[in-house]
1. Considering only the stretch 105-121, I want to know if a residue exists there that is buried (at least 17 other Cβ atoms within 10 Å of the Cβ), under 23 Å from the mean Cα position of the chain (by Cα) and over 27 Å from residue 329 (Cβ atoms).
2. Given the options 32, 28, name the one that is crowded, with 17+ Cβ neighbours inside 10 Å, assigned by TED's automatic domain parsing to the domain that holds residue 145 and in a loop (DSSP other than H, G, I, E, B).
3. Has the stretch 75-86 got any residue that is in contact with a strand residue (DSSP E or B) (Cβ under 9 Å, 6 or more places away or on another chain) and in the same structural domain as residue 46 (by TED's automatic domain parsing)?
4. Report yes if residue 105 is out of contact with any strand residue (DSSP E or B) (no Cβ under 8 Å at 6 or more places or on another chain), assigned to a loop (DSSP other than H, G, I, E, B) and modelled with pLDDT under 85, otherwise no.
5. Here is a list of conditions, (1) modelled with pLDDT of 90 or more; (2) under 27 Å from the mean Cα position of the chain (by Cα); (3) part of a helix (DSSP H, G or I), and residue 191 meets all of them except one; can you say which number that is?
6. Of 231, 239, which residue is within 24 Å of residue 331 (Cβ to Cβ) and touching a helix residue (DSSP H, G or I) at 6+ places or on another chain (Cβ under 7 Å)?
7. Please work out which residue is surrounded by the fewest Cβ atoms within 10 Å (Cβ to Cβ), limiting yourself to the stretch 308-340 and to residues that are touching a residue at least 40 places away in the same chain (Cβ under 8 Å) and outside any helix (DSSP H, G or I).
8. Quick one: which residue in 10, 47 is surrounded by 11 or more Cβ atoms within 10 Å (Cβ to Cβ) and over 21 Å from residue 155 (Cα atoms)?
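The values are calculated or read from the model by the stated rules, or taken from the named source; none is laboratory data. These figures come from a predicted structure and were not determined experimentally. Quick reminder, even Gly has a Cβ in these numbers, built from the backbone with ideal geometry, and neighbours come from all protein chains shown.
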């Protein structure tokens, strides 16, 4: 421990409402601006480079929010961004571990269920504290940001987000001299992740959710999601040219890599898709498949349908969850589809990996872990069968004694 380390009362730190993340009318879709509306220059340069390296607009937005939170924390502890050390990173992680999220708009109906477990789905509602996965993502963003500014000669000499080397062996012990050195070891202040097992939605609850949909559009997108295992963002990116009606295939653009991939879909999903598209006017091959059901007007424009957004799709599920008392998400449909394929024993794990779009087979192997709730369901079914009364024995033929037959055949005398 250094002699000049600053001891902070982390529980008393409250982040001020300084600056914000805003959409930008520029090549870089999002920017972090100060209270005067001016872009924060180090973050602007980093996000521009980050986007040029092939990352999506959604990733730019996510990184911008993490960096904005870091800037606000540094202002609260009175440290400049280029003077931050591993002590600030450590305190930031400790602060996030105990702080409550600050909402621009106070919670309403969700305040009563925050952090609780839904009795029907047995899934936990989002809480008011930062989860371990959020903290780890924040550390990765800060590590990437400081690597960029250090390479540019604008930041500190040492990256404040430090790594711990693997114990028992030297880093890059088997390094190929023809390849660059790569960082090894976990980030020092990364919290451990709780083990989370994917869960399949039970068939009866899937039927209830599907029945709660109000339109052919909503039925079509849910049926397509549960049969293709595609992510919500991938489904929303489908265009008319991406539908193969003859072979019942849908082409998606994979999250992250942007690679195009054809996925097989169920016949039922294409039936609902046809019913939905018959309600719309003619669409060109380049038009999105999913549109709003109501006509919406913008300033200076006539009322028209708008392309369905992720927030609008979440609103569809939110209405259904309110009616059913559940908390299902679109990602639950992806898990359900993956587990159905694995449990069918008709597809190899490699087949499932290709459909899910996983780069590594180890990622797909999480679906081999048996779901505790599924085990409990099967054991309950077994116990129920055991408790059922045994069938009454058939009466013996005339002239035979039932007790004598029981002794002879190993039964129980009457």
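1. Here is the first cut: in the stretch 105-121, the ones buried (at least 17 other Cβ atoms within 10 Å of the Cβ) are 121.
Then keep just the ones that are under 23 Å from the mean Cα position of the chain (by Cα); that gives 121.
Pick out the ones that are also over 27 Å from residue 329 (Cβ atoms) and you get none.
Checked against the condition, which is being buried (at least 17 other Cβ atoms within 10 Å of the Cβ), under 23 Å from the mean Cα position of the chain (by Cα) and over 27 Å from residue 329 (Cβ atoms), the stretch 105-121 yields no hits at all.
2. 28
3. Here is the first cut: in the stretch 75-86, the ones in contact with a strand residue (DSSP E or B) (Cβ under 9 Å, 6 or more places away or on another chain) are none.
Checked the stretch 75-86: no residue is in contact with a strand residue (DSSP E or B) (Cβ under 9 Å, 6 or more places away or on another chain) and in the same structural domain as residue 46 (by TED's automatic domain parsing).
4. Spelling it out, residue 105 is indeed out of contact with any strand residue (DSSP E or B) (no Cβ under 8 Å at 6 or more places or on another chain), assigned to a loop (DSSP other than H, G, I, E, B) and modelled with pLDDT under 85.
5. Here residue 191 meets the rest and fails (3).
6. 231
7. Within the stretch 308-340, the match that is surrounded by the fewest Cβ atoms within 10 Å (Cβ to Cβ) is 325.
8. 10
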